[in-house]
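Peer 1: Could you have a look at this structure, given as structure tokens, before my questions?
The values are calculated or read from the model by the stated rules, or taken from the named source; none is laboratory data. Everything numeric in this text was worked out from a predicted model, so none of it was measured. Every residue, glycine as well, gets a Cβ built from its backbone with ideal geometry; the counts of neighbours run over all protein chains shown. Just so you know, the surface numbers come from the protein's heavy atoms only, side chains and all, with ligands and any DNA or RNA stripped out. Shrake-Rupley method; radii C 1.70, N 1.55, O 1.52, S 1.80 Å.
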Amino acid sequence: MTSPETTSPNRDRPWLMRTYSGHSTARASNELYRTNLSKGQTGLSIAFDLPTQTGYDPDHLLARGEVGKVGVPVVHKGHMATLLDGIPVGDMNTSMTINATAAWLLGLYVANASDQGVASSRLRGTTQNDIVKEYLSRGTYIFPPAPSRRLIVDMFAFCSQHAPLWNPMNVCSYHLQEAGATPVQEIAYSLATAIGVLDAVRESGQVDDDRFSDVVASVSFFVNAGIRFVEETCKMRAFTQLWDRITAERYGINDPKARRFRYGVQVNSLGLTEAQPENNVQRIVLEMLGVTLSKDARARSLQLPAWNEALGLPRPWDQQWSLRIQQVLALESDLLEYDDIFAGSHVIEAKTEELMEASMVELDDVLGLGGAFEAIDELKGRLVRSHADRIRRIERGDQIIVGVNEFVETAESPLGGADSILKVDPSVQAEMIEDVQSWRAGRDSSAVAMALRQLESAAASTDNIMEATIALANAGGTTGEWADVLRGVFGEYRAPTGVAAAAGAGGGSDRLRATAERLKLLTEGPPRFLVAKPGLDGHSNGAEQIAVAARDAGMEVIYQGIRSTPEQIAATARDEDVDAVGLSILSGSHLDLVPETIACLRREGVQAPVVVGGIIPEDDRQRLLDGGAAAVFTPKDFDIGKIIDELADLAVAFRDGQAVVV
């Protein structure tokens, strides 16, 4: 029974409650969405698989092992219709975590809504569409910065005319924190990204001056909230005040509502641990407080990770648990009955002012470099260095992670076991390949060809891309076809790794220095170590830190960034004559890509030991070892110095002819 206090007219309305989800197929994800909505979820947050995010159809070479793993594959309008079947799109607030292919997914969403009799003017939601943070941290970019910004500008112009309730961009500091950003960097780089886009919209001539205030009001943000929840509260207050200042002073926005800092949140996943994962529950609760306690800077929407996301994909029950955490805070506590509880706090105000001042210095520095889009190389190097500093603090014990580097003794958890995560049926890829091939065979190929030509013409000119995109969606085009046309016009991009800028970060570590001294004594020179990321997984933070540490330990490191095929990795290992190969995979595709990469290496005559790191369930470890991996590292292995020491031993043993190659 609902208490009188819960229904008090003086209570604020709760934030939108979402769970970030999607997997396997559109039909399976639709079932999950409808289940979550029936449990009290008040908005959708769609996770797409990596081929969809990076513009490949399921039958593309690079999609091997990736289909349906970290999200739902949406290849054509039929998938969008299935994904949203039975969900009233005219009433739903939908968040789509999509970036390089954001224009295409919005096109599919608009086309499907039209088929349901829902005008685009009624659609409410957000496309993430922050390509800068993809270059800096998440890795699902396709095109170079300039054409990528052009696509974002086109979406702003389209939405301002045809979908005014839709937020075309969600400036995303979330992944910056995951990549090691300090609160100051998180604030400054996000604001620099927003400025870079709004300046470009204003300069494009696509939006009249009298509508520019609405464009500014349509910018939303998606932030991270870490365990230091007092500092996080101050960060959000600083964000709010700085955005109000920038929109007033730089863009002349007079309407306070248009200057409002509107943001959604997923609390920190970087701090979730594989060791003693039950501790993640209290971490999630505390992190949520940083974006809900302060009324003047409270999140408008919130999604919480599940306790077991460091282990793999969460099950529906795990997501329900995260939803219930939100509901208890919003509906059982008295939080929403009060004005801002920090108003007048000298401590909070001082910390907020400190963050604002430091963030403005950092922001001015970025703008002095030309802006966020122009300073990708510099910002990437700063983030990799900040992340390396964090890793060294954990290794030294200066930063305590309960259950990882302190209080590691534990009773056996009743939450564990092989069934504690969701596993995607390996037959999904074959099903999706058959699906897309059947779709292509059943459509009007001449209509698709004409729509593709119109898309190419629009991309090569200054025409807004959205009209041609929606036409292709209605004609039956696919994600890969849309992206391939734009690849042909815009080209592709490889983002900087930032590894060179982080050498010696955090003062190094005693263990790395000891390893470096040992390797100096090798008469044949330092070991050559290839760090590689097979498949489409763009989360490169771990690979970058291994590369930085291996270099600090005196190895010669070859790291070419993300998104390599097994064949490319094997060719590089052969040409560089490496002594060890490290594969980093966080997308769940390790059982497909690791054996395939090892097979390619052996065919090229490369016998060097192969080590694997990533989010790898414990029951997959032995399968990888049996398949030829020399070692497997997971998030439990937090001591990078120890990992590098083991890698050095493997490389030296291989040189001496002692390594056993499976």
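Peer 1: Looking only at region 100-117, which residues are in contact with a helix residue (DSSP H, G or I) (Cβ under 6 Å, 6 or more places away or on another chain) and either without any contact (Cβ under 8 Å) to a residue 60 or more places away in the chain or over 21 Å from Leu536 (Cβ atoms) (or both)?
Peer 2: Gly107, Val110, Ala111, Asn112
Peer 1: A further question follows. Got at least one residue in region 334-345 being under 18 Å from Arg228 (Cα atoms) and free of Cβ contacts under 8 Å to residues at least 24 places away in the same chain?
Peer 2: Yes: one or more hits.
Peer 1: Now, a different point. For region 220-266, which residues satisfy the criterion of being of a type in the set (A, V, I, L, M, F, W, C), within 20 Å of Met17 (Cα to Cα) and open to solvent by less than 10 Å² (accessible area, probe 1.4 Å)?
Peer 2: Residues satisfying the conditions are Phe221, Val223, Ala225, Met236, Val265.
Peer 1: Within region 610-621, count every residue that is touching a helix residue (DSSP H, G or I) at 6+ places or on another chain (Cβ under 8 Å) and at pLDDT below 95. Step through it out loud before you land on a result.
Peer 2: Of all residues in region 610-621, those touching a helix residue (DSSP H, G or I) at 6+ places or on another chain (Cβ under 8 Å) come to 610-614, 616, 620.
Subsequent filtering for residues that are at pLDDT below 95 retains 614, 616, 620.
The total comes to 3.
Peer 1: Another question, if that's okay. Please verify whether region 490-506 includes one or more residues that are of a type in the set (Lys, Arg) and closer than 30 Å to Asp389 by Cα.
Peer 2: Residues of region 490-506 that are of a type in the set (Lys, Arg), as a first pass: 494.
After this cut, where a residue has to be closer than 30 Å to Asp389 by Cα as well, the list is 494.
Taking every residue of region 490-506 in turn, at least one turns out to be of a type in the set (Lys, Arg) and closer than 30 Å to Asp389 by Cα.
Peer 1: Additional query: Filtering region 101-134 down to residues that are open to solvent by 10 Å² or more (accessible area, probe 1.4 Å) and not polar (S, T, N, Q), which residue is nearest to Ile470 (Cα to Cα)?
Peer 2: Val110
Peer 1: Follow-up question, since we're still on this one. What number of residues in region 213-251 are outside any helix (DSSP H, G or I) and within 19 Å of Trp166 (Cα to Cα)?
Peer 2: Within region 213-251, the subset outside any helix (DSSP H, G or I) is 218-228, 250-251.
The next check asks that each one be within 19 Å of Trp166 (Cα to Cα); those that pass are 218-223.
Residues that pass the stated criteria total 6.
Peer 1: Ile558: within 23 Å of Leu272 (Cβ to Cβ) and without any contact (Cβ under 8 Å) to a residue 60 or more places away in the chain, yes or no?
Peer 2: Details: within 23 Å of Leu272 (Cβ to Cβ): no; without any contact (Cβ under 8 Å) to a residue 60 or more places away in the chain: yes.
It is false that Ile558 is within 23 Å of Leu272 (Cβ to Cβ) and without any contact (Cβ under 8 Å) to a residue 60 or more places away in the chain.
Peer 1: If you don't mind, another one. For the subset of region 481-495 comprising residues that are surrounded by fewer than 15 Cβ atoms within 10 Å (Cβ to Cβ) and not charged (D, E, K, R), which member is farthest from the chain's Cα centre (by Cα)?
Peer 2: So the residue we want is Gly488.
Peer 1: Enumerate the pairs (first residue in region 359-384 and in contact (Cβ under 8 Å) with a residue 12 or more places away in the chain and more than 15 Å from Gly196 (Cα to Cα); second residue anywhere and of a type in the set (Asp, Glu) and crowded, with 23+ Cβ neighbours inside 10 Å) with beta-carbon separation below 6 Å, excluding pairs fewer than 6 apart on the same chain, so at least 6 apart or on different chains.
Peer 2: Val384/Glu544
Peer 1: I need the full set of residues from region 56-68 which are out of contact with any Leu (no Cβ under 8 Å at 6 or more places or on another chain) and either without any contact (Cβ under 8 Å) to a residue 24 or more places away in the chain or crowded, with 24+ Cβ neighbours inside 10 Å (or both), in order please.
Peer 2: Here is the first cut: in region 56-68, the residues out of contact with any Leu (no Cβ under 8 Å at 6 or more places or on another chain) are 57-61, 67-68.
Once the filter is applied, which keeps residues that are out of contact with any Leu (no Cβ under 8 Å at 6 or more places or on another chain) and either without any contact (Cβ under 8 Å) to a residue 24 or more places away in the chain or crowded, with 24+ Cβ neighbours inside 10 Å (or both), region 56-68 yields Asp57, Pro58, Val67, Gly68.
Peer 1: Here's something else I'd like to know. Filter region 356-377 for residues that are open to solvent by 10 Å² or more (accessible area, probe 1.4 Å) and within 12 Å of Gln185 (Cβ to Cβ) and give the result.
Peer 2: Ala358, Val361, Glu362, Asp365, listed by residue number.
Peer 1: Quick one: which of Glu492, Glu456 is closer than 30 Å to Ile615 by Cα, modelled with pLDDT of 95 or more and either touching a helix residue (DSSP H, G or I) at 6+ places or on another chain (Cβ under 7 Å) or outside any helix (DSSP H, G or I) (or both)? Break it down into steps so the answer makes sense when it comes.
Peer 2: Numbers: Glu456 fails: closer than 30 Å to Ile615 by Cα.
Glu492 is the lone residue from the list that is closer than 30 Å to Ile615 by Cα, modelled with pLDDT of 95 or more and either touching a helix residue (DSSP H, G or I) at 6+ places or on another chain (Cβ under 7 Å) or outside any helix (DSSP H, G or I) (or both).
Peer 1: Report, ordered by the first and then the second residue, all pairs with beta carbons closer than 6 Å, sequence separation of six or more or different chains, a first member in region 522-545 that is closer than 18 Å to Thr634 by Cα, and a second member that is outside any loop (DSSP other than H, G, I, E, B) and of a type in the set (D, E, K, R).
Peer 2: Sorted first by the residue in region 522-545, then by its partner, the pairs are Gly538/Arg138.
Peer 1: Restricting to region 387-403, name every residue that is open to solvent by 70 Å² or more (accessible area, probe 1.4 Å) and in a loop (DSSP other than H, G, I, E, B). Working first, answer last.
Peer 2: First, pick out the residues of region 387-403 that are open to solvent by 70 Å² or more (accessible area, probe 1.4 Å): 393, 396, 398, 400.
Result: Asp398, Ile400.
Peer 1: Taking region 205-216 only, how many residues are open to solvent by 30 Å² or more (accessible area, probe 1.4 Å), in contact (Cβ under 8 Å) with a residue 12 or more places away in the chain and out of contact with any Ser or Thr (no Cβ under 7 Å at 6 or more places or on another chain)?
Peer 2: Filtering region 205-216 for residues open to solvent by 30 Å² or more (accessible area, probe 1.4 Å) gives 205-206, 208-211, 213-214.
Next, only the ones that are in contact (Cβ under 8 Å) with a residue 12 or more places away in the chain stay: 206, 211, 213-214.
Narrowing further to those that are out of contact with any Ser or Thr (no Cβ under 7 Å at 6 or more places or on another chain): 206, 213.
Within region 205-216, residues that are open to solvent by 30 Å² or more (accessible area, probe 1.4 Å), in contact (Cβ under 8 Å) with a residue 12 or more places away in the chain and out of contact with any Ser or Thr (no Cβ under 7 Å at 6 or more places or on another chain) number 2.
Peer 1: I want to confirm something. Restricting to region 404-428 and keeping residues that are modelled with pLDDT of 90 or more and among the acidic types (Asp, Glu), which single residue is surrounded by the fewest Cβ atoms within 10 Å (Cβ to Cβ)?
Peer 2: Initial filter on region 404-428 (modelled with pLDDT of 90 or more): 404-411, 427-428.
Then drop every residue that is not among the acidic types (Asp, Glu), which leaves 406, 409.
Details: Glu406: 10, Glu409: 6.
For region 404-428, the residue satisfying everything is Glu409.
Peer 1: From the set of residues in region 289-333 that are open to solvent by less than 10 Å² (accessible area, probe 1.4 Å) and of a type in the set (Val, Ile, Thr), which is farthest from His590 (Cα to Cα)?
Peer 2: Ranking the qualifying residues of region 289-333, first place goes to Thr292.
Peer 1: Of the residues Gln177, Gln161, Gln206, which single one is out of contact with any Cys (no Cβ under 7 Å at 6 or more places or on another chain), modelled with pLDDT under 95 and not acidic (Asp, Glu)?
Peer 2: On the way: Gln161 fails: modelled with pLDDT under 95; Gln206 fails: modelled with pLDDT under 95.
Within the list Gln177, Gln161, Gln206, the selection yields Gln177.
Peer 1: Report the residue count in region 610-619 for those that are open to solvent by 40 Å² or more (accessible area, probe 1.4 Å) and not in a loop (DSSP other than H, G, I, E, B). Spell out how you get there, then give the answer.
Peer 2: Within region 610-619, the subset open to solvent by 40 Å² or more (accessible area, probe 1.4 Å) is 615, 618-619.
Going one step further and asking which of them are not in a loop (DSSP other than H, G, I, E, B), we end up with 618-619.
The number of residues fulfilling the criteria is 2.
Peer 1: For the list (1) crowded, with 19+ Cβ neighbours inside 10 Å; (2) in a helix (DSSP H, G or I); (3) in contact with a Ser or Thr (Cβ under 8 Å, 6 or more places away or on another chain), I need the number of the one condition that Ala473 fails.
Peer 2: For Ala473, the exception is condition (3).
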